[in-house]
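The values are calculated or read from the model by the stated rules, or taken from the named source; none is laboratory data. Keep in mind it's a predicted model, so treat the numbers as computed, not measured. Here the Cβ positions follow ideal geometry from the backbone for every residue, glycine too, while neighbour counts run over all protein chains shown.
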Amino acid sequence: MLNVFHKTPVTVIKLGGSLFDFPDLGSRLMQFLEKQAFVRPIVIPGGGRFADEVRRLDDQVDLGDTLAHDLGVRTLSITARLVAGLSPRFQLATSPDQLSAIWEADLLPVLDVAELTLQHSSLSESWEVTSDSIAAWVCSLHKESQLVLVKSVPLSGSPSLSEAAELGMVDRDFPVVASGLQHLSWCNLRDEAPRLKKWSS
């Protein structure tokens with residue numbers, strides 16, 4: 001299942017869950033992606049309010065690390081379907097094996113990364129890991145892959161990965177998971193003219 005990522009560099013576009021309330025999200029995201037013309041793009045949406053609800057329940061009833069992680073990651077199945085429905089150019093992919101056919105059809109895959117993460121990653125089972133680290137893990141499977149973090153806030157200056165984690169811009173485990181990435185960029189999609197900014201950390 002991971003052979004696609006081992007053999008071929010991709011562009012992982014991690015879409016922040018904080019953008020799900022953006023009224024024009026589908027068209028704004030599509031315009032950004034078409035302008036950039038990324039090579040073999042894959043959209044991985046964050047968990048947004050769905051993951052926040054799991055976190056709230058965990059705070060209330062103490063689900064335990066394993067169950068909380070499992071449920072939190074599975075919210076990415078919901079958000080992948082949500083984002084895939086925002087434009088006819090998007091196509092849901094439930095397995096990496098489907099990606100090549102989607103690219104060949106000139107469509108943009110939105111990857112349901114939940115099962116892939118739960119079955120194949122060694123990410124820690126804690127709230128220190130969010131979809132930021134999951135997207136970085138997917139990207140790390142090929143040294144030439146590019147990670148683009150699409151967020152609701154600008155990247156001010158050039159903070160280190162650790163500084164960004166301390167500021168809450170990415171999750172706590174991101175500095176470790178993303179430490180080997182050679183191609184890392186950021187985009188504030190809420191900007192009037194969203195632009196790609198290379199992140200030299």
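Run down Gln91, Gln119 and say which single residue is among the polar types (S, T, N, Q) and either within 23 Å of Ser152 (Cβ to Cβ) or in contact with a strand residue (DSSP E or B) (Cβ under 8 Å, 6 or more places away or on another chain) (or both).
One residue alone meets the criteria, Gln91.
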For this session: Kindly indicate whether any position in region 84-104 is farther than 22 Å from Ala37 by Cα and within 14 Å of the chain's Cα centre (by Cα).
Result: no
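What's the total number of residues in region 53-68 that are among the charged types (D, E, K, R) and free of Cβ contacts under 8 Å to residues at least 24 places away in the same chain? Lay out the reasoning, then the answer.
So in region 53-68, the residues among the charged types (D, E, K, R) come out as 53, 55-56, 58-59, 62, 65.
Going one step further and asking which of them are free of Cβ contacts under 8 Å to residues at least 24 places away in the same chain, we end up with 53, 56, 59, 62.
Adding up the residues that qualify gives 4.
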Exercise. What number of residues within region 54-76 are surrounded by fewer than 18 Cβ atoms within 10 Å (Cβ to Cβ) and closer than 30 Å to Phe38 by Cβ?
Worked result: 0
Exercise. Is it the case that Leu118 is surrounded by fewer than 17 Cβ atoms within 10 Å (Cβ to Cβ), of a type in the set (A, V, I, L, M) and in contact (Cβ under 8 Å) with a residue 40 or more places away in the chain?
Worked result: yes
Exercise. Residue check: is Leu123 part of a loop (DSSP other than H, G, I, E, B) and farther than 17 Å from Leu19 by Cβ?
Worked result: yes
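Give me the strands (runs of 3 or more DSSP E) completely within region 1-113, filtered to those with at least 2 residues that are modelled with pLDDT of 95 or more and of a type in the set (Val, Ile, Thr), ordered by residue number. Give the steps one after another, and end with the answer.
Values: elements: 11-15, 41-45, 90-93, 108-111.
Ranges flagged: 11-15, 41-45.
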For this session: Considering only region 91-111, state which residues are in contact (Cβ under 8 Å) with a residue 60 or more places away in the chain and of a type outside the set (Val, Ile, Thr).
Result: Ser95, Pro96, Asp97, Leu99, Ser100, Trp103, Leu108, Pro109, Leu111
Exercise. Within 26 Å of Met30 (Cβ to Cβ) and either among the charged types (D, E, K, R) or touching a His at 6+ places or on another chain (Cβ under 7 Å) (or both), is that true of Arg74?
Worked result: no
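Over 24 Å from Ala68 (Cβ atoms), crowded, with 18+ Cβ neighbours inside 10 Å and among the polar types (S, T, N, Q), is that true of Ser131?
On the way: over 24 Å from Ala68 (Cβ atoms): no; crowded, with 18+ Cβ neighbours inside 10 Å: yes; among the polar types (S, T, N, Q): yes.
When the stated conditions are applied, Ser131 does not pass them.
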Exercise. Can you find even one residue in region 161-179 that is over 28 Å from Asp59 (Cβ atoms), surrounded by fewer than 16 Cβ atoms within 10 Å (Cβ to Cβ) and not aromatic (Phe, Trp, Tyr)?
Worked result: yes
